[in-house]
Structures are given as structure tokens and as C-alpha cells.
Amino acid sequence: MTHEADPGSAHPRDRLKRALGLRDATFLVVSAVIGSGIFLTPGRIAELVPHPGVILAVWAFGGLLSLVGALANAELAAMFPRAGGNYVYLREAYHPLAGFLVGWLGFFAIYAGTVATLAAGFAGSLAVFVPLSTGAQLAIAVGLIAALSALNYVGVRFGAHANNITAVLKVLALLAFAVLGPLWGQGDWSNLQPLVSGASAISLTALGLALSPVLFSYLGWNSSVYVASEIRDPQRNVPRSLMTGLFVCTAVYLLVNAVYLYALPVPLLTGEANAGEAAASALFGAGGGLVGGFVLLSILGTLNATVLVGPRIAYAMALDGLFFSGVDQAQARFQTPARAIVLQGATAIGILLFLRTFPSALDFTTFAIVIATIADAGALLTLRRRQPDRPRAYRAWGHPWLPIGYIAIHLGIGAALLWGRSAESILLLVFLASGLPFYWYFARRLARA
């Protein structure tokens, strides 16, 4: 179902400026992906799959899964180079309700929830350096959300420049850690032995649960599709940004995890709250403070990228009349989705006030990611069948078997989360269902207009 004569072009009411190039789009992916996950999740992964070969395998597998998703998103984004990402794809493939529900989930659960989680993580990491009460940490997190929302309010170029800088700094710092650790550090490559044998004892449920923090750490690999209406030559630059950005992130993640295992045997890595700090201390006898500072920078960069991307979902929904009034308005001077940015910031602050532990928020968000990415791959399959003659500037490799396999694997991960993290998964499904009355209201309002 389409809403305009040419859904492959920009939305006729979209007033956002095409101000981003290939470099900006690629660094947006890198900055969105490489955040706190590489430091805060390896200890939990080692707890679920306490075997060096399996730890590296789940990180590699997470990168491959994200790559298959990127192939699908690259074709879809080239077909529909608009703001909104998978909201647009599901609307076109199925029905406005399908697009609305995945957009509802993406804006409120994935992006606003991630903004809240990262802001809380930044304040908590800062408390390592400066004694801060719980109230002070909350105030810092709220202030950070407000400040980054204001930065992106006054122009997409400001947000993009910040992403470019933090992306380069993060990649260089992690590569330096991966190189200097084995050269100068006090580690042992025997920590990676046995690399393969003995892994068969790990259950499929444990593997599925271990992929939850891995997929969370790859969150953001499709960031550029949400800002496609602001990218120059999107049919070419969006697919390239997805592939290049994801390749960089996967390579960095594998290198850093190998150095973690070089620094710490699996029993010491297991349950470690901050693997980066623990590995630096083991390698160099110090360096925890330096790693802690880098964690702050890394979280800040990812938070800014998330603040930039999320509002484009609500903006795209509002352009079609399927969201709250006024959210479709672009700020005249700055040409940004200003009201959507303010709404996301207010929502994230609201979530922050009720935020629980990092693992609970992680599993809640990851289950939302699983649902959304299954929907993306399904939309590609459906559009290939229903609209075979539509011009495609990019065609995903491996169709249809890669998307089918991608869906099957994510269904398995979703089942593992439902089984092992029932409370968070059921809460997410309830939240998804809560969008139904809102869709009914928006659709009736649109019909009367």
C-alpha cells in the first residue's frame, strides 16, 4: 500500500535538508554501534557461554546476522529513501498498521529506551571518578539528554560532526588497545585454549541468551536508513554506509574480545561488570581510569547518534498523519524534526525515572530489536514477491534464503528470550499491543480529515 504517487522518492511534505554525505552516514553507523556494549556486556556473555571459542563465535555470528539484516535494509532503503526506516518499509509491504506498530516500537522502546539507558550508564560511569549520589546521577543523565537533544535541534550537521569525531576517536582508541595489549601487556594467549573443543556442552538456550547482549552491542547498524531523506544520493550512499560501518564495527569487536581473553582467562572474565577496565588492569597493572574515561566518551558518542536517529521515526509517522499532531513539523531555520526531538527527549527522561538495572533494560530493548528486524526481512520478501518490477538501485545478495534464515535465527533468539527473560519479553509485547488504540485513534482522525 502506498500513500503518494512515487514512494521511491522523498515524502512530498518532508522539509528536512539533504546535508549528509557517505562519510557522515558511515560514521553515524559506527558511532551508533560502538558504545558501552563492548565494555559492559562481555562479562555477561562469558557467564552464559564460558568458552573462549564460543565467546568469539557469538560476536562473529552477531556481526554476520547484522550483515544479513543490512543487506535487506540496503535494498529497502534504496527503494524508499525516506526518513523513518522500517516504519516506511512495513507500511509499503503490508499495511499502515504494521508500519505504525514497528514505528511505535522503534521510537518508544528501542530509541527512547536506549537514550535513557545510555544516559543512565554515562552518569553511573562518571560516578567512578566523582562521588555522586543517586539523585545527582539522575540529574546528570537528565541534563545530558536535554543537552544532546538541543544540539540536534539546532541542525543535523552539528550532530553529524559530533558523531564523526567520536567515531574516529573510538575506533582509533580500540585499535590501539587491541595492538598495544598483546605487545606490551601482561597477558597469555593460552587463555584462549581450548578454542574449539568442549563447546558442545553449551545449550542452545544459553547461546540464544548470549546473543541478546551481542545484538544489543550491534544496535545501531541500520542507523543511516532512518535519516535517508537527509543523505545525498541515498540509493548509493545508504547501502555503502551500512556495509562499511558494519564491517568496521565487527572487526573492532572481534579484535577487542580477543584481547580481553588474552588478558583474562574465562573464569575471571565471567560476570565482570566492566571488561575493558578489568582487562586494562590485568594487562598494564593500571589503566582503569583511562579506560573509564574512554567508556564515557564512547557512551557519549553513541548517545548522540541515538538522539539524532530516533526522532526521524516519529517524524515520518506524523507526515502520514499516524502520530501526534505537530510532530511532522520541521523547524524552519534549522530544518530539523524539532518537535520529534523534543518528544523523544521527554520520553527518554520519563523512562529514565523508572529505569531498572542495565541487564533488564538490555533484554527489553533486544527483544524489541528481534521483532523489528524479523519484520524488516519479512518486508523484503514480501516486496520482492508483490512488486517484482519496482526499480531497485541495490538488490540484496542471497535472496530468498538469507532473509529466510535470518528470520528463523531471530525467531530462535526471540524464543530463548521469552523462555529465559520472560518478564522483560512479555512487558515488551504488552507495550507493542498498547500501540493499537493509538493507531485506531490516528487512523480515524486521518479518515475524517
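Read the figures in this text as sums done on the coordinates, not as results from a lab. Everything quoted here is computed from the prediction, not taken from an experiment. No Cβ is skipped: glycine too gets one built from the backbone with ideal geometry, and neighbour counts run over all protein chains shown.
For segment 104-210, the fraction of C-alpha pairs more than 17 angstrom apart is 75%. The sum of -39500 (n - 2.57) across all DSSP H runs of n ≥ 4, divided by the residue count of the chain, sets its helix-only mean residue ellipticity at 222 nm to -23000 deg cm²/dmol. Over segment 208-284, Cα pairs under 8 Å with separation of 6+ residues give a relative contact order of 19 percent.
Going through the DSSP H helices of the chain, which span 24 Å or more along their own axis at the Cα atoms while scoring at least 0.5 as a mean Kyte-Doolittle hydropathy? Helices meeting the span and hydropathy rule in the chain are 52-79, 134-153, 156-184, 234-263, 288-309, 338-354, 358-386, 401-420. By the count of neighbouring beta-carbon atoms within 10 Å, fewest first, Thr347, Thr244, Thr366, Thr134 end up ordered Thr134, Thr244, Thr347, Thr366.
Full extension of the chain between Leu180 and Lys17 yields a length gain of 54.4 nm, computed as 0.36 nm times the residue separation minus the alpha carbon distance.
Computed from the C-beta positions of Ser190 and Arg445 and an R0 of 60 Å, the FRET efficiency is 0.35 to the nearest 0.05.
Here the simple spin-label model places points 7 Å from the Cα toward Cβ, and for Thr134 and Trp401 these points are separated by 5.4 nm.
Packing, taken as the mean count of other beta carbons within 10 Å per residue, orders the peptides 217-225, 400-408, 65-73 from highest to lowest as 217-225, 65-73, 400-408. What number does the chain give for Rg over Rh if you use C-alpha atoms and the Kirkwood radius? With Rg and the Kirkwood Rh in hand, the quotient comes to 0.96. Computed over the chain, relative contact order equals 34 percent, with contacts defined as Cα pairs under 8 Å that lie 6+ residues apart.
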